[in-house]
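The values are calculated or read from the model by the stated rules, or taken from the named source; none is laboratory data. Model, not experiment: these values are computed from the prediction. Here the Cβ positions follow ideal geometry from the backbone for every residue, glycine too, while neighbour counts run over all protein chains shown. The protein model used for the area step is the full one, side chains on, heavy atoms only, and it has no ligands, DNA or RNA in it. Shrake-Rupley method; radii C 1.70, N 1.55, O 1.52, S 1.80 Å.
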Amino acid sequence: MTVLATAVRTGVERPLPDETVPIQRRSEWLNPGDELRFAELYDAHYPKVLAYLISRAGRQLAEEAASETFVVAWRRFGDLPHDPLPWLLGVARNVLRDSHRASVRYEAAVEQFQHWAETTTGDVADGVVDRSEVLRAVAELADQDRELLILTAWHAMSARDAAQVLGCSRATFFVRLHRARRRLAAKLLGASTHTSVVASERTPK
Amino acid sequence: MKHPIDRLVEQSRPDDYTQPPDADRRDRDLARAFAVPAGTGARRRRSVRPVAFVVAGLATCSVAAAIAIPLLNNPGSSNLEATPTTPTASPRAAAVRSVLFEAAAAAAGTTAPNSARYWHHSSLDISVEREAAGPALIEQRRTVDLWLPRDDAGASWSISQFQGARALTGGGDRWRVAVGAPCPKPGAAKPCWTTKEVTSRAGAPDKQRIETVAKPFAIGSTNLSVAELGRLPDNPAELKTKLLALSQPSPGDPNATLFETTSALINRLPTTPAVRAAAFQLLAGIPGVQLLPKTSDALGRPGTAVALTTDHGPAGAHETRLIFDPQSGKPLAYEARIVRPGTAWPGLPPGTRYLAELTKTTGWTTATP
């Protein structure tokens, strides 16, 4: 695919605004196996993309956005980075943002977390607090704070990858994450008598 | 060690947080994706509006070898004093004309055997960009070989190979560079891209046989087939009119546009010797073109160059040059350098040669890979 790129590159400027209509449909240049490889990509990453979207906007909006995300991925198949997940989540995030108003997404996400809080049982391993309690506290966070914690804790993303998803610098990410942790800690402090966890909250390394 | 708050959140994750799609949804999603051709996504833009840049053509490789051409027009500023390499001869039009006409005559004299069915272009593309979120200036190299049928019928071949990256300044042994990433919707307000890691290690060659390719080239907004390129006028005045027409609508400096398209015709597009000769003559008539009688390309190959500096206002100014062998009229390279940094080339200091398209062989052949 990269080759065609060169084939068509004439170094000639094209007008704006357009979304740069491709000169040559690259499907003609793709290997027959590309559909297969794309299906593998879908299988490998769909669950995480969908989960992320559900945490952002509830299940109903998430399924449509996940579908759209993979349409975009197919259109850009061949340009995908070696580890495509942060890229996919970044696309998913944009799809969601462009498809639904913030208030709609926010309410759906809160509802989703409340649902999880009602259906999730047990304590965290440390035994200091109910899982449902944590989920309720996360539900009360601002959208932005919640997202940072979900990417970090539920998707186990490195700061670098999470920053890529969010489209911000790593430094900015750390600052925001620090604040998000602090605000969640404050909420848990208000909700729980177990303060030891909260007290140990500190700035990130 | 995990932050205690992160650990709390992690352990509260619902048990069914991630689930595979059901079969129906999977089928629907894949069918929906495959309904659009792959590779039709938005291309990477290298600037922010209103200084709009379009990667010319379809540079899918991260080697942003695609020329990012500023669309801001700033006519009348083609002759900047601060060219990165001051031409060694006075830019007298007569000298430019003399050299280019000689090259034109040489180019016109070449012939292609009638049996040569394929246009074969073999090049090394070098690009330089600032490391994403880092200090290093990263150079990336890629070789590309293309075979396209003269009559637009039959298969084409391409072999592309990443030849590795290196830091020109800043050191390190692996770097992240920006790669194209989609904006989810056409017209999305901000460019969105991602990064990928490159190292000094070369990639494997990627050989592809392509059954049909209708119009693989573009001049301006017009797509052209190999045969259509072959039918371009071989008279300089008519060629100029035609190239400007093909480039419409173009908000750019027409001189820069002409220099760009003409250089492409000489350096890497399939054309006839007569069109190539006309292109050389056309170059001689572009105001502001300067002559570098003795220079060399990024591979150190000696040649003569014609150069044009274009000022794009806040986007910066760049110099583009076509390097060729004046005796044979054969192209050596097309290169671009920063004259004055601006928003178009973030992080690149003046004088940086941010693009070199080095032609190894180009011409008509009977052989295919």
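B:P346 falls short on exactly one of the conditions (1) assigned to a strand (DSSP E or B); (2) under 19 Å from the mean Cα position of the chain (by Cα); (3) not charged (D, E, K, R), and that condition is (1). I'd like the full set of residues that are more than 15 Å from A:I150 (Cβ to Cβ) and crowded, with 20+ Cβ neighbours inside 10 Å, limited to the stretch A:165-186. The one that is more than 15 Å from A:I150 (Cβ to Cβ) and crowded, with 20+ Cβ neighbours inside 10 Å: A:A185. Scanning the stretch A:48-63 for residues that are open to solvent by less than 10 Å² (accessible area, probe 1.4 Å) and in contact with a His (Cβ under 7 Å, 6 or more places away or on another chain) yields A:Y52, A:A57.
The one condition from (1) at pLDDT below 80; (2) facing chain B (nearest Cβ under 7 Å); (3) open to solvent by 40 Å² or more (accessible area, probe 1.4 Å) that A:R37 does not meet is (2). Here B:N114 meets the list (1) in a loop (DSSP other than H, G, I, E, B); (2) surrounded by 15 or more Cβ atoms within 10 Å (Cβ to Cβ); (3) at pLDDT below 75 almost entirely, failing just condition (2).
Quick one: in the stretch B:23-39, of everything that is open to solvent by 20 Å² or more (accessible area, probe 1.4 Å), facing chain A (nearest Cβ under 7 Å) and at pLDDT below 80, which residue is farthest from A:F70 (Cα to Cα)? Only one residue fits best here, namely B:P37. Which residue pairs have Cβ atoms under 7 Å apart, sit 6 or more places apart or on different chains, and have a first residue in the stretch A:166-186 that is within 10 Å of chain B (Cβ to nearest Cβ) and a second that is open to solvent by 60 Å² or more (accessible area, probe 1.4 Å) and among the small types (G, A, S)? Close Cβ pairs (under 7 Å, with a partner that is open to solvent by 60 Å² or more (accessible area, probe 1.4 Å) and among the small types (G, A, S)) amount to A:S169/B:A133.
No other residue among B:L124, B:L137 is over 30 Å from A:A171 (Cα atoms), in the same structural domain as B:Y334 (by TED's automatic domain parsing), modelled with pLDDT of 90 or more and touching a Leu at 6+ places or on another chain (Cβ under 6 Å) apart from B:L124. Among the residues of the stretch B:287-308, is any acidic (D, E), closer than 23 Å to B:R141 by Cα, within 20 Å of the chain's Cα centre (by Cα) and not in a strand (DSSP E or B)? For the stretch B:287-308, residues acidic (D, E), closer than 23 Å to B:R141 by Cα, within 20 Å of the chain's Cα centre (by Cα) and not in a strand (DSSP E or B): present. For the stretch B:323-347, give me each residue that is open to solvent by 20 Å² or more (accessible area, probe 1.4 Å) and of a type in the set (S, T, Y). Of everything in the stretch B:323-347, those that are open to solvent by 20 Å² or more (accessible area, probe 1.4 Å) and of a type in the set (S, T, Y) turn out to be B:S328, B:T343. In summary, B:K196 fulfils each of the numbered conditions (1) open to solvent by less than 50 Å² (accessible area, probe 1.4 Å); (2) modelled with pLDDT under 90 with the single exception of condition (1). B:L299 satisfies every condition listed in (1) touching an Asp or Glu at 6+ places or on another chain (Cβ under 9 Å); (2) away from every other protein chain (no Cβ under 14 Å); (3) more than 15 Å from B:P236 (Cβ to Cβ); (4) not hydroxyl-bearing (S, T, Y) except (1). Each residue in the stretch A:33-63 was checked for being in a helix (DSSP H, G or I) and either charged (D, E, K, R) or over 19 Å from A:L151 (Cα atoms) (or both), and 15 of them qualify. For the stretch B:304-322, indicate whether the set of residues that are on the phi > 0 side of the Ramachandran plot, crowded, with 22+ Cβ neighbours inside 10 Å and in contact with a strand residue (DSSP E or B) (Cβ under 8 Å, 6 or more places away or on another chain) is non-empty. Taking every residue of the stretch B:304-322 in turn, at least one turns out to be on the phi > 0 side of the Ramachandran plot, crowded, with 22+ Cβ neighbours inside 10 Å and in contact with a strand residue (DSSP E or B) (Cβ under 8 Å, 6 or more places away or on another chain).
For a quick check of your reading: which helices (runs of 4 or more DSSP H) sit entirely within the stretch A:64-162 and have at least 2 residues that are within 30 Å of B:F34 (Cβ to Cβ), open to solvent by 10 Å² or more (accessible area, probe 1.4 Å) and facing chain B (nearest Cβ under 10 Å)?
Working: elements: A:85-99, A:102-119, A:131-140, A:143-149.
By residue number, A:85-99.
Which one of B:A188, B:A155 is open to solvent by less than 30 Å² (accessible area, probe 1.4 Å), closer than 30 Å to A:E68 by Cβ and modelled with pLDDT under 90?
Values: B:A155 fails: closer than 30 Å to A:E68 by Cβ.
The unique qualifying residue is B:A188.
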